[in-house]
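To keep things clear, I will list the structure first and then write my remarks on it.
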Amino acid sequence: MNTCTKDDDSMKLLYKGSDILKRVSVNQCVVEKHAELESDTLILRFNDVKGSWSQWSPEFGDEIELSEGSMSTGVMYVSSVSPKNGLYTLCARSSPLDFKNNSFKSWEEVKFSQLAKEIAGRHGLRYEEYDVTDWTYPYLAQRGESDSSFLQHKCQLEGYAMIVRDKKLVI
């Protein structure tokens, strides 16, 4: 877990591609990076000193990225925004919000890499793999399970770790 400070001129807060750091006053920032099983998270508390936040029309799933020195969250997706007395708490995670939506799909004679690339592509993610044996499955069925859970389960069965970071699905 990393906490950020606004003491450093190298800090950037990109929201929808624009650096908004000078338009908000960051009070607290917590970044949690995980090796597998969970999405990385960002919790950001800030005052909207110039009243800009509502003008940006924030929506769930908007892209946000925080960097400070050599640390970067990579692109993350806004999962909640809570205003209270001029203070906003924004939460974001590294996996797209629809990665947790339940799906139904079946495959025949599908290779592991085809499966992973298809799921990554469904969510606008690039796919990277390292030392993955490209097994062929005679039949697979996803029955009302999220893409995240379904692929994570396949990875665990094969002894792989899966992570989503900076718009990439990495196995």
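Out of Ala92, Ala116, report the one residue that is over 30 Å from Trp53 (Cα atoms) and either touching a residue at least 40 places away in the same chain (Cβ under 8 Å) or of a type in the set (A, V, I, L, M) (or both). Lay out the reasoning, then the answer.
On the way: Ala92 fails: over 30 Å from Trp53 (Cα atoms).
Sole residue among the options that is over 30 Å from Trp53 (Cα atoms) and either touching a residue at least 40 places away in the same chain (Cβ under 8 Å) or of a type in the set (A, V, I, L, M) (or both): Ala116.
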What pairs come up if the first residue lies in region 135-152 and is open to solvent by less than 30 Å² (accessible area, probe 1.4 Å), the second is among the small types (Gly, Ala, Ser) and in a helix (DSSP H, G or I), and their beta carbons are under 8 Å apart, counting only those six or more places apart or on different chains?
-> Leu151/Ala116
In region 55-71, which residue that is in contact with a strand residue (DSSP E or B) (Cβ under 7 Å, 6 or more places away or on another chain) and not in a loop (DSSP other than H, G, I, E, B) is most open to solvent (accessible area, probe 1.4 Å)?
-> Glu63
Residue satisfying all of: in region 96-134; more than 18 Å from Ser39 (Cα to Cα), among the charged types (D, E, K, R) and at pLDDT 95 or above; least open to solvent (accessible area, probe 1.4 Å) among these | Glu118
When region 78-95 is examined, which residues are found to be open to solvent by 40 Å² or more (accessible area, probe 1.4 Å) and part of a loop (DSSP other than H, G, I, E, B)?
-> Asn85, Gly86
Asp98 fails exactly one of the following numbered conditions: (1) in a strand (DSSP E or B); (2) under 27 Å from Cys155 (Cα atoms). What is the number of that condition?
-> (1)
Does region 6-28 contain any residue that is of a type outside the set (A, V, I, L, M), open to solvent by less than 60 Å² (accessible area, probe 1.4 Å) and either touching a helix residue (DSSP H, G or I) at 6+ places or on another chain (Cβ under 6 Å) or within 19 Å of Ser148 (Cα to Cα) (or both)?
-> no
Please find, within region 153-171, the residue that is farthest from Gln114 (Cα to Cα) out of those that are in contact (Cβ under 8 Å) with a residue 60 or more places away in the chain and in contact with a Cys (Cβ under 9 Å, 6 or more places away or on another chain).
-> Ala161
Just give me the residues in region 153-167 being in a strand (DSSP E or B) and either among the acidic types (Asp, Glu) or open to solvent by less than 50 Å² (accessible area, probe 1.4 Å) (or both), in sequence order.
-> Ile163, Val164
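The values are calculated or read from the model by the stated rules, or taken from the named source; none is laboratory data. Only a predicted model underlies this, so the values are computations on that prediction, with no experimental measurement involved. Methodologically, a virtual Cβ is constructed for each residue, glycine included, from the backbone with ideal geometry; neighbour enumeration extends over all protein chains shown. Note: accessible area is taken over every heavy atom of the protein model, side chains too, but ligands, DNA and RNA are not part of it. Shrake-Rupley method; radii C 1.70, N 1.55, O 1.52, S 1.80 Å.
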